[in-house]
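Data first, discussion second: the structure below is written as structure tokens.
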Amino acid sequence: MRRTGAIFAALVAAAPVAARAADIPFDQRRSDSEFVSADTRAMQNDDTANPGMLAVLDGETLWNTKAGDSNKSCADCHGDAKVGMKGVATRYPAFAAEFGRPIDLEEQINLSRSTDQKAAPFAFESKDLLALTAYVAYQSRGMPIALQETAKLKPFIEDGRAIFERRQGQLNLSCAQCHDDNWGKTLAGNLIPQAMPTGYPIYRLEWQEVGSLQRRLRNCLSGMRAAPYNFGALSLVELELYLMWRARGLPIEAPAVRP
Amino acid sequence: MARSRRSRREILQIAGALVGSGMALRLSIRPARATPEMMQDAVRAAIGEAAVKKGRVKLDLPPIVENGNSVPCTVSVESPMTATDYVKAIHVFNEKNPQPNVISVKLGPRAGRAAFSTRIRLADSQTITAIAEMADGTCWSDDIDVIVTLAACIEESIH
Amino acid sequence: MPRALIHVPATAKKGETVEIKTLIAHVMETGYRIGVTGAPIPRDIIEDFVCTYNGEEVFRAKLYPAIAANPYITFFTTATASGTLAFSWTDQHGATQVQTAEIKVE
């Protein structure tokens, strides 16, 4: 599909002179749910209408299914997810000592799956990984994002911010130009949201399925005609980390529905 | 870190460029136009030769569609839904998706209320028509024109 | 088996009109899309949806490719007696999934 290119290409002629973005004042930060249509919001807020809930239910089944050489289910080690996984999604991406870098929730689930459950890790964006992630994230619904700027995470948050504020791609745009400086304004009939990733994994109407924050960020990058980082690339996780830290305090809404 | 707000002129440039690209993401409702032949054929296949009158049916689509992949659609029909006076069937048609039929539902007096909702795909701006068949054989309809355009920030290829 | 989500009120008064909501996981592939390889993606849709109430059909829908992925259908029925509502979705290959819900009528 060429439509992404068409929209963003229109920006080339208008690319403004470089200027540093200003952070959104803390008390003005809002969930991106407030920037979608009332119909899309209603679809998200009614569990019987939200297709993301189908992934949550699949995740629940997987949570209770024995797998791998350990022949254990997630539940065998972690117990009831409603208790054991409550609040977990509010602190991801988290620093993983094994790798010396932050990993996101998908990567953490895969880490536990390969090292603890001793089963083959799931592929990025696979149905099973998204389902488990949706199920785990769902246990934090309504809880505020609790990411802390620890000494270990700080350099990665800074890197994420730098990527967010850097102009990139053939269109020479930065994420911040739209999401820090122009949120709430209408762009071709579309409200520009703040890019607060409160609802991931999301059910996106455009995808007609559930997808991860990494997938969403890759969409934005290709829209800007910048090379999208590979799934799992450190830069992508840093971007996720910065966005989650930037959204700290806002409640988790997974699985959200987005256009 | 020295930070400054982007100038108003720059904002207008960004917005103006996007609007100028003609990719407005709005759906608006206008009075209906004549419908193409394929849709007429599908209507005849569903209800036969019965005359279709305007009224009693209400077709609801949102004023702004964010994505044509999933558009909430509700049809409700004025009917007492008694054992003798009820809605037998409701059909929804579109004129421009590759196929004219969207959905056909069958119901009866036990429904209590002659209404249903679903989510439909709208590939393009077009006329959507809903026709209700009553127990007495009469047919009633409603139609609206919808305008669908495109979203920003999406994938280059289909997954 | 595709996953389905059904909402039926647990209890209702006799004669009351109740709303039923159904959602099922399905791609509803139209058959009109071209895949990344350049070949068309084959059509794969649910064609029929039926709801019975204590064995009697109360609602039926024929679905076409214009129905969005993960079909969502809501409709009404009159609570007549306690019992079972059965929902079935049949795809174009003839595979059917059935799910049931109980309702208590006072």
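The values are calculated or read from the model by the stated rules, or taken from the named source; none is laboratory data. Note that the coordinates shown come from a computational prediction; the quantities given were computed from them, not determined experimentally. Here the Cβ positions follow ideal geometry from the backbone for every residue, glycine too, while neighbour counts run over all protein chains shown. Surface accessibility is based on the protein's heavy atoms, side chains included, excluding ligands, DNA and RNA. Shrake-Rupley method; radii C 1.70, N 1.55, O 1.52, S 1.80 Å.
In region C:87-106, the qualifying residues are those that are in contact (Cβ under 8 Å) with a residue 60 or more places away in the chain and β-branched (Val, Ile, Thr), and the one that is farthest from C:ARG3 (Cα to Cα) is C:VAL105.
Among the listed residues A:ALA120, A:ALA146, which satisfies the condition of being without any contact (Cβ under 8 Å) to a residue 60 or more places away in the chain, part of a loop (DSSP other than H, G, I, E, B) and not β-branched (Val, Ile, Thr)?
A:ALA120
When A:LEU171 is tested against (1) within 11 Å of chain B (Cβ to nearest Cβ); (2) open to solvent by 30 Å² or more (accessible area, probe 1.4 Å); (3) in a loop (DSSP other than H, G, I, E, B), just one condition goes unmet, and that condition is (2). Looking at the structure I just gave you, is A:ALA97 surrounded by fewer than 15 Cβ atoms within 10 Å (Cβ to Cβ) and outside the structural domain of A:GLU253 (by TED's automatic domain parsing)? Criteria met by A:ALA97. Give me a count of the residues in region B:84-111 that are modelled with pLDDT under 95 and of a type in the set (Gly, Ala, Ser). Total satisfying the criteria: 1.
Within region A:218-240, the set of residues being closer than 24 Å to A:GLN44 by Cα and open to solvent by less than 20 Å² (accessible area, probe 1.4 Å) comprises A:ASN219, A:GLU240.
Restricting to region A:241-251, count the residues that are on the phi < 0 side of the Ramachandran plot and open to solvent by 10 Å² or more (accessible area, probe 1.4 Å).
Initial filter on region A:241-251 (on the phi < 0 side of the Ramachandran plot): A:241-248, A:250-251.
Subsequent filtering for residues that are open to solvent by 10 Å² or more (accessible area, probe 1.4 Å) retains A:244-246, A:248, A:250-251.
The qualifying residues number 6.
In the list A:ALA55, A:ALA6, A:ALA75, which residue meets the criterion of being at pLDDT below 90 and either assigned to a helix (DSSP H, G or I) or over 30 Å from B:PHE116 (Cβ atoms) (or both)?
A:ALA6
Among the residues of region A:223-242, at least one is of a type in the set (Gly, Ala, Ser), assigned to a helix (DSSP H, G or I) and touching a Cys at 6+ places or on another chain (Cβ under 9 Å). The strands (runs of 3 or more DSSP E) found wholly in region C:23-106 and carrying at least 2 residues that are surrounded by fewer than 17 Cβ atoms within 10 Å (Cβ to Cβ) occupy C:46-53, C:56-63, C:83-91, C:96-105. Could you check, for region A:183-194, whether at least one of its residues is closer than 24 Å to A:PRO102 by Cα and within 18 Å of the chain's Cα centre (by Cα)? Yes - at least one qualifying residue is present in region A:183-194. Of the residues making up region A:92-117, those that are in contact with a helix residue (DSSP H, G or I) (Cβ under 9 Å, 6 or more places away or on another chain), under 26 Å from A:ASP159 (Cα atoms) and part of a loop (DSSP other than H, G, I, E, B) are A:TYR92, A:PRO93, A:GLU98, A:PHE99, A:ASP104.
Among residues belonging to region A:123-143 that are part of a loop (DSSP other than H, G, I, E, B) and charged (D, E, K, R), point out the one that is nearest to A:THR65 (Cα to Cα).
My answer is A:GLU125.
When A:TRP245 is tested against (1) among the hydrophobic types (A, V, I, L, M, F, W, C); (2) part of a helix (DSSP H, G or I); (3) in contact with a strand residue (DSSP E or B) (Cβ under 9 Å, 6 or more places away or on another chain), exactly one condition is not met: (3).
Test B:THR127 against the stated conditions and say whether it is β-branched (Val, Ile, Thr), open to solvent by 30 Å² or more (accessible area, probe 1.4 Å) and more than 7 Å from every other protein chain (Cβ to nearest Cβ). The answer is no for B:THR127.
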